[in-house]
Amino acid sequence: MADSEIIHAVKQMAVTRTNLLNVARMVVKTLVDKSAFDPIEDEDSDLQNFCVVIEHILSHRLQIQWSSTWFSSSNEPFNFWDIIKKFALQSTIINIEDMSDEVQTSSGKGRAWIRLVLVQKKLLQFFDNLLANQTKLALYYQPQAFMLCEETTLLTENLRCLNGIDFNLCLRGGNFDAGIYFEIKYAPYLKFEQCQSSKEDDMVENTKLDSSLVMKDIAASHPLAADELLHLREQLKTEKEQKNYFEELVTVRDGQIKQLQSQLTTLSKESDAQRRQLEAVVLELQQQLYVVGYCLISQ
């Protein structure tokens, strides 16, 4: 493959990762917006799309696993269920394996697991564990995979919002084995729209801030005061948006700090292990020197 073709392929893989990250952000934002007014249940289209997005992310550029017998050989890629089994909490894996009478395929088990950890609020913990095990994860993914790039860190920061949502999902009776591959629905997120309950809530707030009758009276008798009131209203709206932005920024920074603390703990453990190994080597060398010295004296 020519260098230009390799560069083009790398750029296209970056575009795929960016698309997956952005649609994940939008669907998380939609779920958070909905959850303030209604519970998130199985039939929710945004929930279903979110599960498909996570499946695509975990399946992006999985390695080929080679297996052979005396009679045949195969080179199928890993399934995202293989990643889940390797890095997820064992208790969640056992819960899914207990559903073997309803879910038989690897993809079906993975889809059921995603819904289970949403209910148990353990999806973020799973992705934190993946971030802490990038070396092991590289055995399952090809270069430029989503799970091996910085997009995973950005996604994990957004997933923290989901811990504040109560998902009302039922795993029994779900047709998780149906189909091999599900496409992501991008259309609903090309333009973000608030749910109806959220719009009504904003209308109530706006009514409290600015009663139309009061505005008409002020505009008729005091035009300058009406302009000043409108200016204050816009200023209040701007400050509210800034407040929401800074709150979200604080949440992101908290996530980054936790990640750095986790990495620091891992490095500290590795350093201690290496120190103990060096101490053992030094002791072994001292013992060997003692034996050599004793042999020389004996001669």
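The values are calculated or read from the model by the stated rules, or taken from the named source; none is laboratory data. Just so it is clear, the structure is predicted and the values come from calculations on it, not from any experiment. Ideal geometry is used to build each Cβ from the backbone, glycine not excepted, and the neighbour counts take in all protein chains shown. We work out accessible area using only protein heavy atoms, side chains counted, and drop any ligands, DNA or RNA first. Shrake-Rupley method; radii C 1.70, N 1.55, O 1.52, S 1.80 Å.
Screening LEU47 on (1) closer than 21 Å to CYS195 by Cβ; (2) assigned to a helix (DSSP H, G or I); (3) free of Cβ contacts under 8 Å to residues at least 60 places away in the same chain shows it passes everything except condition (3). Scanning segment 249-256 turns up no residue that is among the hydroxyl-bearing types (Ser, Thr, Tyr), modelled with pLDDT of 60 or more, open to solvent by less than 100 Å² (accessible area, probe 1.4 Å) and over 20 Å from ASN163 (Cβ atoms).
Table: residues versus (1) free of Cβ contacts under 8 Å to residues at least 12 places away in the same chain; (2) under 21 Å from THR265 (Cα atoms); (3) under 13 Å from the mean Cα position of the chain (by Cα); (4) buried (at least 17 other Cβ atoms within 10 Å of the Cβ).
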position: ALA145; (1), (2), (3), (4): no, no, no, yes
position: THR153; (1), (2), (3), (4): no, yes, yes, no
position: ASN158; (1), (2), (3), (4): no, no, yes, yes
position: ASP166; (1), (2), (3), (4): no, no, no, no
position: CYS170; (1), (2), (3), (4): no, no, no, no
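Just to be sure before I move on: is VAL28 within 30 Å of ASP166 (Cβ to Cβ) and either surrounded by fewer than 18 Cβ atoms within 10 Å (Cβ to Cβ) or aromatic (Phe, Trp, Tyr) (or both) in the structure I sent? Considered against the rule, which asks whether it is within 30 Å of ASP166 (Cβ to Cβ) and either surrounded by fewer than 18 Cβ atoms within 10 Å (Cβ to Cβ) or aromatic (Phe, Trp, Tyr) (or both), VAL28 comes out as no. Screening GLU193 with (1) modelled with pLDDT of 70 or more; (2) of a type outside the set (Lys, Arg); (3) not in a helix (DSSP H, G or I) gives one miss only, at (1).
The number of residues in segment 142-174 that are touching a strand residue (DSSP E or B) at 6+ places or on another chain (Cβ under 6 Å) and under 16 Å from PHE80 (Cβ atoms) comes to 2. The numbered conditions (1) open to solvent by 50 Å² or more (accessible area, probe 1.4 Å); (2) over 18 Å from the mean Cα position of the chain (by Cα) are all true for VAL103 except (1).
Yes/no matrix, rows are residues, columns are (1) surrounded by fewer than 16 Cβ atoms within 10 Å (Cβ to Cβ); (2) in contact with a Pro (Cβ under 6 Å, 6 or more places away or on another chain); (3) within 24 Å of GLY164 (Cβ to Cβ):
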site: SER45; (1), (2), (3): yes, no, yes
site: LYS85; (1), (2), (3): no, no, no
site: ILE96; (1), (2), (3): no, no, no
site: GLY108; (1), (2), (3): no, no, no
site: ARG115; (1), (2), (3): no, no, yes
site: GLN120; (1), (2), (3): yes, no, yes
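For segment 164-185, what are the residues that are touching a helix residue (DSSP H, G or I) at 6+ places or on another chain (Cβ under 6 Å) and more than 14 Å from LYS29 (Cβ to Cβ)? Within segment 164-185, PHE167, LEU169, LEU171, PHE176, ASP177, PHE182, ILE184, LYS185 meet the criteria.
Would you mind finding the one in ILE93, ILE40 that is modelled with pLDDT of 95 or more and over 19 Å from THR156 (Cα atoms)? Answer to the selection: ILE93. Say whether the condition of being touching a Phe, Trp or Tyr at 6+ places or on another chain (Cβ under 9 Å), open to solvent by 20 Å² or more (accessible area, probe 1.4 Å) and polar (S, T, N, Q) is met by at least one residue in segment 125-137. Yes.
Scanning segment 149-159 for residues being part of a loop (DSSP other than H, G, I, E, B) and among the acidic types (Asp, Glu) gives a total of 1.
Scanning segment 125-173 for residues that are farther than 22 Å from LEU47 by Cβ and of a type in the set (Ser, Thr, Tyr) yields THR135, TYR140, TYR141, THR153.
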